Amino acid sequence: MRSGSESLLIGEGLSYAYLERFPALEKVSLEVSRGERLALLGANGCGKSTLLKILAGLIFPDHGSYRAFGEEVSAERLEDEQFSAAFRTRVGFVFQNTDAQVFSPTVREEIAFGPLQLGLAPAEIEGRVAEVTQMLEIGDLIERAPYQLSAGQKKRVAIASVLVMSPELLLFDEPTAGLDPRSRGWLLELIDELGRAGKTIVFATHELAELEWIADRCLVLSEDHRPLAEGAPAELLADRELLLRANLIHEHAHRHGAVLHSHPHERGHHGRAG
Ligand SMILES: Nc1ncnc2c1ncn2[C@@H]1O[C@H](COP(=O)(O)OP(=O)(O)OP(=O)(O)O)[C@@H](O)[C@H]1O
Ligand SMILES: [Mg+2]
């Protein structure tokens, strides 16, 4: 491992296409230091979730290399059970769609699943579950079925099942999307605390207002899946031209007025022929 300001993650020239046909990431490089909080920004479909999946070792780049914790992460390396178990304990990923993440019969079992897989002692598991349950304020949901919960509640459960493993690296895909203002504020505070506790955090977001609170640095991807800019939140937020180019802000909110207010018979002229 390198000394000095240590890079926890190093991605070089990462490219990825789904089914070898749908480009999702083009030559994206990134370096994340231990304890740093990096925000991934960009329009819908630019590749944020894909990049997070690569960082989580769920998919592997077609080109380029990815190193985490000083070691190469690849399909071959993750076939090694010991390496894979160590890597998976160090990395926690909260998906954009938490439905894809919660599957146990009860919230308690959902949260205890990871620690059980790790083979921890029952008392240790119980202690950890109690701790994250309290931290996430989901004590009253613990005996319920995760699939019966609201989206915001499911998100809390998904975060609890990740934090219970105490990972060094946290990957959040649009953590505050769909949360009510109180839950959103609460989650931002939690992420801030996790950062203070020394966790390394990489998250995707569309919420520019949250950046200065929970990001040290931002990486902006373009709609053609390439790196567009990188810098401190304040720097990027001041660059209106860049924000427009990355489709992070919208200049003419009134542009749709014509469509929204047109008479039904007028739409026929412009609508697509069926
Ligand atoms: N399973 C898939 N099969 C085929 N193409 C996919 C798949 N998942 C994503 N893509 C494509 O890859 C590109 C990047 O998608 P990705 O989900 O990484 O974007 P994103 O930046 O996370 O977008 P959003 O802000 O909407 O979450 C998009 O063009 C998308 O259509
Ligand atoms: Mg996404």
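Details
- Scanning region 20-43 for residues that are touching a residue at least 40 places away in the same chain (Cβ under 8 Å) and within 14 Å of ligand 1 (Cβ to nearest atom) returns Glu20, Pro23, Ala24, Leu25, Glu26, Val28, Ala39, Leu40, Leu41, Gly42, Ala43.
- All positions within region 180-207 that are away from ligand 2 (no atom under 16 Å from the Cβ) and open to solvent by less than 30 Å² (accessible area, probe 1.4 Å): Ser183, Gly185, Leu187, Leu188, Leu190, Ile191, Asp192, Leu194, Gly195, Thr200, Ile201
- Screening Phe95 against (1) within 29 Å of Gln148 (Cβ to Cβ); (2) among the aromatic types (Phe, Trp, Tyr); (3) without any contact (Cβ under 8 Å) to a residue 24 or more places away in the chain leaves a single unmet condition, (3).
- Strands (runs of 3 or more DSSP E) enclosed by region 1-96 - at least 3 residues per element that are buried (at least 20 other Cβ atoms within 10 Å of the Cβ): 7-18, 22-33, 37-41, 91-94
- Among residues of region 220-240, those that are over 20 Å from Glu26 (Cβ atoms), of a type in the set (A, V, I, L, M, F, W, C) and either crowded, with 18+ Cβ neighbours inside 10 Å or touching an Asp or Glu at 6+ places or on another chain (Cβ under 8 Å) (or both), counted: 4
- When Glu174 is tested against the conditions (1) within 23 Å of Leu58 (Cα to Cα); (2) at pLDDT below 90, the lone failure is (2).
- Close pairs from region 64-92: first free of Cβ contacts under 8 Å to residues at least 60 places away in the same chain, partner among the basic types (Lys, Arg), Cβ under 6 Å, at least 6 apart: Phe83/Arg77
The values are calculated or read from the model by the stated rules, or taken from the named source; none is laboratory data. Nothing here was measured: the structure is a model prediction, and the numbers come from that model. Glycine gets a Cβ as well: all are built from the backbone with ideal geometry, and neighbour counts include every protein chain shown. Heavy atoms of the whole protein, side chains included, go into the accessibility calculation; ligands, DNA and RNA do not. Shrake-Rupley method; radii C 1.70, N 1.55, O 1.52, S 1.80 Å.
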